[in-house]
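Reviewing the structure listed below.
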């Protein structure tokens with residue numbers, strides 16, 4: 001069977017700011033799983049290749065696949081629908097399959113919204129796609145394939161969930177050989193992303209990760225992680241890596257062991273990862289820094305403990321302050337993320353968060369609007385309370401208000417988001433620190449993207 005896996009064309013803020021993009025690791029994992037069974041697979045990374053929809057259609061027609069796999073998030077799902085429509089019109093016999101967080105939780109709705117889609121793969125896809133491809137190739141029924149929602153004639157059927165893969169070391173390494181690895185750059189360095197664990201034991205109401213990948217944390221062995229790093233370093237000359245784990249430092253001793261292994265192996269790779277305020281200490285920070293880690297992302301979300309408790313973040317303000325003190329003193333670049341417009345939040349509480357962001361002094365700050373994604377407790381709450389003002393999924397980009405909350409209008413949120421970015425990045429102390437530490441590259445590009453975004457999004461005409 002010939003399988004074409006596509007990351008659809010879409011706008012990307014990261015690409016606009018850094019002039020780079022990340023490899024679609026989910027597709028690379030699916031591709032290597034399909035190759036185990038002898039299928040001919042091609043990955044089409046539209047963002048890396050700079051492809052538009054017509055380019056994708058041209059490549060699809062040339063490859064003439066039996067199966068077309070698409071991936072999408074909530075704000076990009078319409079782009080995937082468009083690709084499915086175009087391909088189905090030109091290649092009607094190809095089975096169109098889609099996966100990703102949005103469709104995993106809105107499977108039936110997605111098939112109803114896009115008649116050109118045949119099958120939704122829900123959740124973890126490696127085992128599902130192998131069984132699906134085998135059954136499609138043999139002309140077998142799909143009724144027993146766990147983890148899918150599919151069309152059976154004019155009827156949409158939803159099969160039972162597939163259990164999570166217990167041993168994720170058993171999943172073959174991503175099919176890097178099918179990706180345009182030379183296209184992934186971070187400045188002057190070859191860049192890639194990696195995943196060392198799946199699942200999240202936390203309960204944040206704005207995140208679907210614990211439902212998508214399970215609440216039980218499943219980790220790859222330290223040896224497997226080092227083997228993949230060695231492959232990226234030696235074969236693909238990768239010198240920058242970002243670990244995509246929800247919380248790389250969740251098991252601090254394991255994170256330390258990976259760092260020690262990188263030092264032992266002599267891997268000259270710069271890297272970044274995500275942490276939590278309650279999964280960082282001085283010993284771990286020093287180990288990560290010694291191993292080449294230069295950037296740590298920490299979700300702060302709010303400066304008000306009541307708001308942190310409401311979103312079930314599971315951290316305290318004191319832990320946040322301590323973590324950033326440790327990271328700053330150890331020499332890391334830090335990225336702090338904040339959420340504005342949490343239900344129950346007032347304008348004054350948002351201003352407190354903005355002031356706290358400046359006081360915390362992260363290297364970079366990311367402010368987003370509280371967005372209730374399908375599959376989250378927040379989405380169920382928004383539907384129940386009647387807060388949603390749109391179901392246009394393209395607006396669920398964390399920068400556009402999609403809820404109307406008591407005492408906090410969409411217009412208020414737009415202006416507060418604008419104020420947050422301008423207040424943080426144009427503070428004289430921040431500008432001086434940027435020049436002192438020579439963060440010119442990121443600052444110049446981020447400021448350009450910020451001004452373009454503000455002029456378009458926060459025009460008073462936007463109401």
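The values are calculated or read from the model by the stated rules, or taken from the named source; none is laboratory data. Owing to the predicted nature of the structure, the values given are computational and were not obtained by experimental measurement. Every residue, glycine as well, gets a Cβ built from its backbone with ideal geometry; the counts of neighbours run over all protein chains shown.
Brief remarks on what is shown
- Flag for residue 372 being assigned by TED's automatic domain parsing to the domain that holds residue 241, in contact (Cβ under 8 Å) with a residue 60 or more places away in the chain, assigned to a loop (DSSP other than H, G, I, E, B) and within 30 Å of residue 82 (Cα to Cα): yes
- Number of residues in region 384-413 that are under 23 Å from the mean Cα position of the chain (by Cα) and not in a strand (DSSP E or B) equals 13.
- For region 189-201, the criterion of a residue being in contact with a strand residue (DSSP E or B) (Cβ under 6 Å, 6 or more places away or on another chain) and either modelled with pLDDT under 95 or in the same structural domain as residue 37 (by TED's automatic domain parsing) (or both) is satisfied by at least one position.
- Some residue of region 369-390 being at pLDDT 95 or above, touching a strand residue (DSSP E or B) at 6+ places or on another chain (Cβ under 7 Å) and within 22 Å of residue 424 (Cα to Cα): yes
- For region 97-113, a residue qualifies if it is in contact with a strand residue (DSSP E or B) (Cβ under 9 Å, 6 or more places away or on another chain) and either surrounded by 22 or more Cβ atoms within 10 Å (Cβ to Cβ) or within 20 Å of residue 208 (Cβ to Cβ) (or both), and the qualifying residues are 97, 98, 99, 100, 103, 104, 106, 107, 108, 110, 111.
- Condition met for residue 55 (over 21 Å from residue 157 (Cβ atoms), crowded, with 16+ Cβ neighbours inside 10 Å and either at pLDDT 95 or above or touching a strand residue (DSSP E or B) at 6+ places or on another chain (Cβ under 8 Å) (or both)): no
- Among the candidates 140, 130, 135, 122, the residue that is surrounded by fewer than 21 Cβ atoms within 10 Å (Cβ to Cβ) and either under 20 Å from residue 212 (Cβ atoms) or within 23 Å of the chain's Cα centre (by Cα) (or both) is uniquely 130.
- Residue that is nearest to residue 363 (Cα to Cα) [pool: residues in region 300-317 that are in contact with a helix residue (DSSP H, G or I) (Cβ under 9 Å, 6 or more places away or on another chain) and part of a helix (DSSP H, G or I)]: 317
- Residues that are under 28 Å from residue 250 (Cα atoms) and at pLDDT 95 or above, drawn from region 177-188: 184
- Tallying residues that are over 24 Å from residue 102 (Cα atoms) and either assigned to a loop (DSSP other than H, G, I, E, B) or not assigned by TED's automatic domain parsing to the domain that holds residue 105 (or both) within region 133-150 yields 3.
- Per this entry, residue 381 is counted among residues that are part of a helix (DSSP H, G or I), in the same structural domain as residue 308 (by TED's automatic domain parsing) and either crowded, with 16+ Cβ neighbours inside 10 Å or touching a residue at least 60 places away in the same chain (Cβ under 8 Å) (or both).
- Single residue of 351, 307, 403 found to be surrounded by 15 or more Cβ atoms within 10 Å (Cβ to Cβ), over 30 Å from residue 280 (Cα atoms) and outside the structural domain of residue 73 (by TED's automatic domain parsing): 403
- Qualifying residue in region 315-326 (condition: at positive phi, in contact (Cβ under 8 Å) with a residue 40 or more places away in the chain and buried (at least 18 other Cβ atoms within 10 Å of the Cβ)): no
- Some residue of region 285-295 being farther than 18 Å from residue 362 by Cβ, surrounded by fewer than 21 Cβ atoms within 10 Å (Cβ to Cβ) and either out of contact with any helix residue (DSSP H, G or I) (no Cβ under 7 Å at 6 or more places or on another chain) or outside the structural domain of residue 192 (by TED's automatic domain parsing) (or both): no
- For region 233-262, taking the residues that are within 20 Å of residue 168 (Cα to Cα) and in a loop (DSSP other than H, G, I, E, B), the one that is farthest from the chain's Cα centre (by Cα) is identified as 251.
- A count restricted to region 151-175 and to residues that are in a helix (DSSP H, G or I) and without any contact (Cβ under 8 Å) to a residue 40 or more places away in the chain stands at 1.
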